[in-house]
Amino acid sequence: MIPLAEMADHVLRTADARAKTALSRDYAAQWQAARDTGAKPEIGRANPPDAPARPAEPALLDPRDVPRRKPGSPQGRIAILHAVAHIELNAVDLHWDLIARFSDTPFPIGFFDDWVRAADEESKHFNLIADCLEAMSSHYGALPAHAGMWRAAEDTAEDLMGRLAVVPMVLEARGLDVTPGMIRIFEKARKSDPAAAQAVAAMEVIYAEEVHHVAYGSKWFHFLCGRHDLDPKEAFHTLVQRYFHGPLKPPFNEEKRAEAGLPPDFYWPLADGKSA
Ligand SMILES: [Fe+2]
Ligand SMILES: [Fe+2]
């Protein structure tokens, strides 16, 4: 088995989306199998690319130029699934990038267990959503997608606490806020569109598993605050204001955020119309 940081680097340098998720799942399984024997596999070091390799399609556009479609139509539902697939693929790369880029920061092995599991789950999520698109006679790459999704990674490439604050604790927490609404859109379409039921099932898997990713973020953010003797809430506010562009948008899913170890006094002071 190659060191974990090298695995991460290989996933990041794989362009084809299905090949990327297959490699990601294979490496995660190797890691887990080794961990199940009680071994502590080598982490190693990597020099990851500034931005991950991506397929030639989808074309990446400024978010303002991505056409909006009505969610009530089949084309609108395809557009939603396509946007979710793009987010999931980005998340695969974000988790492996975290492992590769910060492999020289000493951590208990559980840090790596958590992010390998998160990367594996994102890979599963991408595959589930890509399967839904194919069941609707579309595919990932058929529509343009948002450019700039890698910005959070670039902005925090030198700052692990900033990365944890912005990626799992802001962006992935936002996923917990918006996923129930997307599930409702597909539930409504169930009667007229058999593929919608498949999308509901896929999104329910995503909704359940994303809670872990936010929780891993909160756990390791608090760990680092303890290591550096920082107040977690104050550190979170400072880092989100430094690296996240714009206020957080309510309504928040307070129940799931609480389950993930994200208390209201972390995010409410950063919400639209307030200042920390
Ligand atoms: Fe995901
Ligand atoms: Fe996630």
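None of the figures in this text is laboratory data; all of them are computed from the coordinates on show. Owing to the predicted nature of the structure, the values given are computational and were not obtained by experimental measurement. Note that each Cβ is placed from the backbone with ideal geometry, even for glycine, and that neighbours are counted across all protein chains shown.
Before moving on, here are some points about what is shown:
- Working from label points 7 Å from Cα in the Cα-to-Cβ sense, the ALA83 to LEU60 distance is 1.9 nm.
- Per-residue ellipticity at 222 nm, computed for the chain from helices alone with -39500 (n - 2.57) per DSSP H run of at least four residues, works out to -20000 deg cm²/dmol.
- Globularity index of the chain, i.e. its alpha-carbon radius of gyration over 2.2 N^0.38 Å: 0.99
- Its alpha carbons give the stretch 89-145 an Rg and a Dmax of 14.7, 47 Å.
- Peptides 53-62, 219-228, ordered by how many other C-beta atoms sit within 10 Å of their residues on average, highest first, read 219-228, 53-62.
- Summarised in one figure, the compactness ratio Rg/Rh of the stretch 103-205, Cα atoms and Kirkwood Rh, is 1.04.
- Once the chain from ALA19 to GLU158 is taken as fully extended at 0.36 nm per residue, the excess over their C-alpha distance is 47.2 nm.
- The stretch 114-141-the stretch 181-210 distance, computed between alpha-carbon centres (Å): 14 Å
- Ordering of 139-148, 176-185 by packing [mean C-beta count within 10 Å, highest first]: 139-148, 176-185
- Protection proxy ranking for 195-207, 70-82, using the average of other Cβ atoms within 10 Å per residue and placing the highest first: 195-207, 70-82.
- Computed over the alpha carbons of the stretch 1-117, Rg followed by Dmax gives 16.8, 51 Å.
- A Förster radius of 25 Å combined with the Cβ-Cβ distance from ARG184 to GLU259 puts the calculated FRET efficiency at roughly 0.80.
- Shape of the stretch 200-276, Cα gyration tensor, a/c cut at 1.5: oblate
- If the segment from MET1 to SER192 were pulled out straight at 0.36 nm per residue, it would be longer than the present Cα-Cα gap by 63.9 nm.
- 22 Å Cα-Cα threshold exceeded, pairs from LYS124/LYS188; LYS233/LYS256; LYS20/LYS124; LYS124/LYS249: LYS124/LYS188; LYS124/LYS249
- Full extension of the segment from PHE223 to GLU204, taken as 0.36 nm per residue of separation minus the current Cα-Cα distance, would add 3.9 nm.
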